[in-house]
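Following: one structure in structure tokens, then a few remarks.
The values are calculated or read from the model by the stated rules, or taken from the named source; none is laboratory data. Bear in mind that the values here come from a model prediction, so they are computed numbers and not experimental data. Cβ sites come from the backbone with ideal geometry, for glycine too, and all protein chains shown count toward neighbours. In case anyone asks, the SASA skips ligands and DNA or RNA and just uses the protein heavy atoms, side chains included. Shrake-Rupley method; radii C 1.70, N 1.55, O 1.52, S 1.80 Å.
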Amino acid sequence: MPQRPGARPPPELVRAGLVGAAAVGAVAVGTVAFFWATTRSTPSVAPSAARPAAQVVGRVDLESGTAAPPVQATLVVYAYALDGPRQPLAVLKRQLAGASFPLDFKLDDALAPNPAYRLSQAVQLVVGARLGTAEGIVAQPGDWLAAPQTVPLGAHGVRLVLRPPAAALATSAASAPSAAARR
């Protein structure tokens, strides 16, 4: 006897976990019955309790003994996947008019510049920071830079230390003889 789609599956199949309660149907052909149903799907992502939090938390500080950074500067803290393109997965920009260091940061999916590339999609991350007058992600000459660090997703206590622009350039320019001295 044919049954219509949407009919309830036999209770023994439901108890065995072989079918779900939705999209069930059956048809009888001669003495053979064919059942079809959507089965319970296995989640493609591990439960949130088993996964680390999709964030990286840390602090940005200045290298000890350095002069004060520019007054009107922008701090940019970024993260990208260790394995993959250098597409930023999270970018935090903060105007620092009169702010003092150290500054705490938290990178998460809400800071993704492109929703197709999110922090939660990576396992290992490269996290870095720069401080300068430009608001872009890419470092510019004269920026203070923190060495990038490789950290796992969910890392806490990441410490980024900003170092002033290369003092070697200023030192070499100051020690070079002037045009008047070479005459």
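Results, tabulated for the structure shown:
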{"read-out": "Residues of the stretch 135-145 that turn out to be farther than 20 Å from L89 by Cα and part of a loop (DSSP other than H, G, I, E, B), as a count", "value": "4"}
{"read-out": "Boolean, L89 is outside any loop (DSSP other than H, G, I, E, B), within 17 Å of R159 (Cα to Cα), out of contact with any Asp or Glu (no Cβ under 6 Å at 6 or more places or on another chain) and not hydroxyl-bearing (S, T, Y)", "value": "no"}
{"read-out": "F105 being in contact with a Leu (Cβ under 6 Å, 6 or more places away or on another chain) and part of a loop (DSSP other than H, G, I, E, B)", "value": "no"}
{"read-out": "Residue that is modelled with pLDDT of 50 or more and touching a Ser or Thr at 6+ places or on another chain (Cβ under 6 Å), where the choices are A79, A50, A26, A54", "value": "A54"}
{"read-out": "Odd one out for A147, checked against (1) open to solvent by 50 Å² or more (accessible area, probe 1.4 Å); (2) under 17 Å from V57 (Cβ atoms); (3) of a type in the set (G, A, S)", "value": "(2)"}
{"read-out": "Residues being closer than 23 Å to G65 by Cα and loosely packed, with under 14 Cβ neighbours inside 10 Å - total across the stretch 103-126", "value": "1"}
{"read-out": "Given (1) open to solvent by 70 Å² or more (accessible area, probe 1.4 Å); (2) touching a strand residue (DSSP E or B) at 6+ places or on another chain (Cβ under 7 Å); (3) modelled with pLDDT of 95 or more, index of the condition A129 fails", "value": "(1)"}
